[in-house]
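Quick note: the coordinates plus some simple rules give every number you see, no bench work behind them. Computed from a prediction, not measured in an experiment: that's the story for all the values here. Neighbour counts are summed over all protein chains in view; Cβ atoms, including those assigned to glycine, are modelled from backbone coordinates with ideal geometry.
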Amino acid sequence: MRGVCVGDVIEPQALDGVLRGHGTLLRGNSLVASRCGLVQRWNQLVLVDPLAGGYVAAVGHVVVGRIVQVEPTRWLVDIRSKTLAALPLSTAGGAMHKAAEGAQSSRSVLAEGDLITAEVQAVRADGHIQLHVRDAVASKLPPGMLVEVPAALVRPARKHVLHWREAGLRAVFGCNGAVWIGQEGGFSSLGAEQLRAASELANMVQAMASRGEMLVPARMHMNV
Amino acid sequence: MAGLEQQPLLTDGHRRDGRAYEEFRNVFLNTGVISQASGSAYAEFNNTKVMVGVYGPRQSERKVGYSEQGRISVDVKLATFATRQRGVFGQTPEERELSALLATALEAATNLASFPKATADVYVLVLEAGGAELAVAATAAALALADAGIEMFDLVTACSVSRAEGALLLDPTTDEAAREEAGLTLALMPACSEVTQLVSRGPWSSSQLREALELAMGGCAQLDALARQVLKTAAAEAATRRQQEAQRQAQQA
């Protein structure tokens, strides 16, 4: 793998036989990098896998985000992306019909500062990100720990939730690099034993991230 | 003080700090110096020390309104202890001008269409102002933008040239710039030879200006080589890390 930085020529002759991928641009006949990163080639496609940069949302990603704003028809969620993501009231399950009718305010379901786990439903060309949850009430994460790691270390997988039954803990690995660790079910406070276990898990996640290791929940299960 | 000013800036082909006319001060560039920022850079040209942090791109505030293109907001701050005379609290007109000049130099090089509705905040802190602050800040800010993974057309490097005592001086210090007859600051995208910012001060004849611009372009190219080396080292380190990770995964499987 070759490392390039902004403005470096990747391919001097790129008019035919080369497909321009992410992080590249054409200058005259040559293909140059527009971001710092590692060059990857898939057949004709040439792209630059960036070293840095925020999370780039894609449909189907499971993310952990924080509610930053409550609007009459939607919540705005910070998922560590370039723009805030929107969680519409309409996608948020049964409790929301009541809210829509005005019987219950949407703030009583999710308020500013709450952490939620959601799935990316759509990403529009102008960068608008729409989220989806099955049940707004159940999507809210109870108090716990949030560990932030580079988003590239969590790849989309079948399993994003790690259940640690012996300790009564649950961890959600968001594709946006936010890892939540907290209690399995219920909103009661953690006991001393649980706190110790949770911080051990948080330390482990941080240590793996600092070594640049991928965080795969399915494999983590064997580690704990 | 009066005695000092009568001393010449240049004596037999050398400047007061011993440099030749077309020589840079000692240059040090580094990235990734602020862990909390999306990207950061530190530049030191002897007594000019600049720290830049880039935050975002993050969603623009509601009051700025919708825009298809991203924005770059630049805030230059001279530390109160940066200049010989102690600075004042709050933004000075000088800082505001530097911010505006820097914003132009960076906007032209950034692919603003890659972050619609969002703003990248660039905070520049001049720790010590020893001359050519705009040029050093532009070089460092472009490095920080690249470090933040923001899409750019090319790196930006900038340098200053002063004409003093009849000679063209590359990368002037505060003393030299204070006694210049004319001066200019050029910000350039060296790989595609496009100018993103040119600030000219004082009277120039066209032949002198051409000569000064050529000198500045040469200086920018020199800085570009160094800036690229800094970024490449980071990329090479990442490549090694990724290979090690792939090997680890292969062993586990």
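Modelled label positions at B:Ser200 and B:Ser73, each set 7 Å beyond Cα in the direction of Cβ, lie 3.4 nm from each other.
Placing R0 at 56 angstrom, the Cβ-Cβ distance between B:Asp17 and A:Gln69 gives a FRET efficiency of 0.55 after rounding to 0.05. Compute the relative contact order of region A:100-214 as a whole-number percentage, counting only Cα pairs closer than 8 Å that sit 6 or more residues apart in sequence. Rounded, it is 21 percent for region A:100-214.
For the pair B:Glu245 and A:Arg20, label points projected 7 Å from Cα toward Cβ lie 2.8 nm apart.
Between A:Trp75 and A:Leu87, A:Leu89, the built amide H atoms are under 5 Å apart, and every one of these is 5 or more places off in sequence or on another chain.
Compared with the dominant Cα axis of chain B, that is its longest principal axis, helix B:93-107 is turned about 50°. Among the residues of A:45-53, the average count of other protein chain beta-carbon atoms within 10 Å of the residue beta-carbon is 5. Mean residue ellipticity at 222 nm, helices only, chain A: -5000 deg cm²/dmol; runs of at least 4 DSSP H residues each add -39,500 (n - 2.57), and the sum is divided by the number of residues.
Averaging the Cα positions of each part gives two centres, and for region B:89-132 and region A:139-192 these lie 39 Å apart.
Label point of B:Leu10 set 7 angstrom out along Cα-Cβ; within region B:146-173, amide nitrogens under 11 Å from it belong to B:162-170. Between the helical axis of A:192-210 and the longest alpha-carbon principal axis of chain A there is an angle of about 10 degrees. Rounded to 0.05, the FRET efficiency of the A:Arg41 and A:Ser105 pair, given R0 = 56 Å and the Cβ-Cβ distance, is 0.60.
For region B:229-253 and region B:165-191, what is the centre-to-centre distance using only Cα atoms, to the nearest Å? That distance is 42 Å. Principal-axis analysis of the Cα atoms of chain B puts helix B:206-252 at an angle of about 30° to the longest axis.
Cross-link partners for B:Lys77 among the lysines, with Cα-Cα distance under 18 Å and sequence neighbours closer than 8 places in the same chain left out: B:Lys49.
Counting 0.36 nm for each residue step from A:His128 to A:Met204 and taking away their Cα separation leaves a gain of 24.0 nm.
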